[in-house]
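Here the structure is laid out as structure tokens; the discussion comes afterwards.
Every number here is computed from the coordinates shown, using simple stated rules; none is lab data. Since the model is a prediction, treat every value here as computed from it, not as a measurement. Neighbour counts run over all protein chains shown; Cβ positions are idealised from the backbone, glycine included.
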Amino acid sequence: MTNTESKGPILVFLGPTLRLDEAQAALDAIYLQPVSQGDVILAAHAFRPRAMVLIDGQFEDRPAVRHKEILWAMAQGIVMIGAASMGALRAAELTPYGMIGVGLIYRWYRRWPLTAEDAVAVQSGPAELGFLPLTDALVDLQRTFSTLARRNMMTSDEHDQLIALARGTNFRDRSLAALLRTAGFSSDRISALRKEMHGQKRLDALLALRKAPTLKVEPQGQDVDLAWVATNTFMRDLEASHIDIDLIRNY
């Protein structure tokens, strides 16, 4: 295993989950756009970090970040942390190899590994607008509806109806206001309930950023060096993304 410099920076792949100014207030780090295939390798070479925090990721216009490149980074001694969105998914899948997961959403995916991946997905604006979220994630909607039901701000029947509507709606169209309108809520009630939106993804992201400087890899019973194997398929994927495959051999 190659040891990275202990004084190297922390990198954070961030998008619609958390505003950049909020993130910077929580952690002094280098902030990059949502992660996609090859970005972990390129960022490692560019910045020589001691840790990376994966929060948001791309999966439509570009291929999603591969498990193999995260395993490669850990084999180089880089602490890999995931939370809130794509990061929570990858951390839940790679915990046995030493990736560190933070937050309720990570724990949710660990407990129920077959949970739909689009539960954390949102539609967002372009990079020029700071990846402004245009829809609401299913995980945030479910937490919101459960909280409102517990506080007697909606009935159990309304709760069940809204959960069913949210699960049946494409992530590109999911929003609290749209679901409430479909369920027949009045405009006044919609305005009131929108103020009660529970942002679990945001909370998990903030928690991960605050904890990142102190997190260290604990033995998990699996050897990450043995887990990292440069398969032909992975190499071809890197080449298709116009990434120099020599980068994974020379670090």
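Structure data summary
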quantity	calculated
222 nm mean residue ellipticity, helices alone, for the chain (DSSP H n ≥ 4; -39,500 (n - 2.57); rounded to 500)	-12000 deg cm²/dmol
Gaussian network model of the chain, Cα within-10 Å springs - most flexible of Gly98, Gly130, Gly82	Gly130
Debye, to nearest 20: dipole size of the chain, +1 on Lys, Arg Cβ, -1 on Asp, Glu Cβ	660
Exposure proxy ranking, count of Cβ atoms within 10 Å, fewest first, for Leu207, Leu54, Leu20, Leu89	Leu20, Leu207, Leu89, Leu54
Amide H partners (placed H, <5 Å) of Ala51, local residues excluded	Leu11, Val79
Ranked Val12, Val79, Val65, criterion: other C-beta atoms within 10 Å, fewest first	Val79, Val65, Val12
Chain lengthening between Glu60 and Glu128 when straightened (0.36 nm per residue, less Cα-Cα)	22.7 nm
Inter-part distance where region 186-206 and region 133-174 are each reduced to a Cα centre, Å	10
Within the chain, longest stretch clear of exposed trypsin sites (Lys or Arg not before Pro) (DSSP loop, no more than 11 other Cβ within 10 Å)	8-150
Residues Thr95, Thr135, Thr231, Thr17, sorted so that the one with the fewest Cβ neighbours within 10 Å comes first	Thr231, Thr95, Thr135, Thr17
Computed lengthening from Ser186 to Ala25, 0.36 nm per intervening residue step minus Cα-Cα distance	54.2 nm
Using alpha-carbon coordinates, inclination of helix 138-150 to the longest axis of the chain, degrees	40
Loop chymotrypsin sites (Phe, Trp or Tyr not before Pro), region 142-225, which have at most 16 other Cβ atoms in a 10 Å radius of their Cβ (DSSP)	none
Between region 46-67 and region 70-114, the Cα center-to-center distance that results, in Å	12
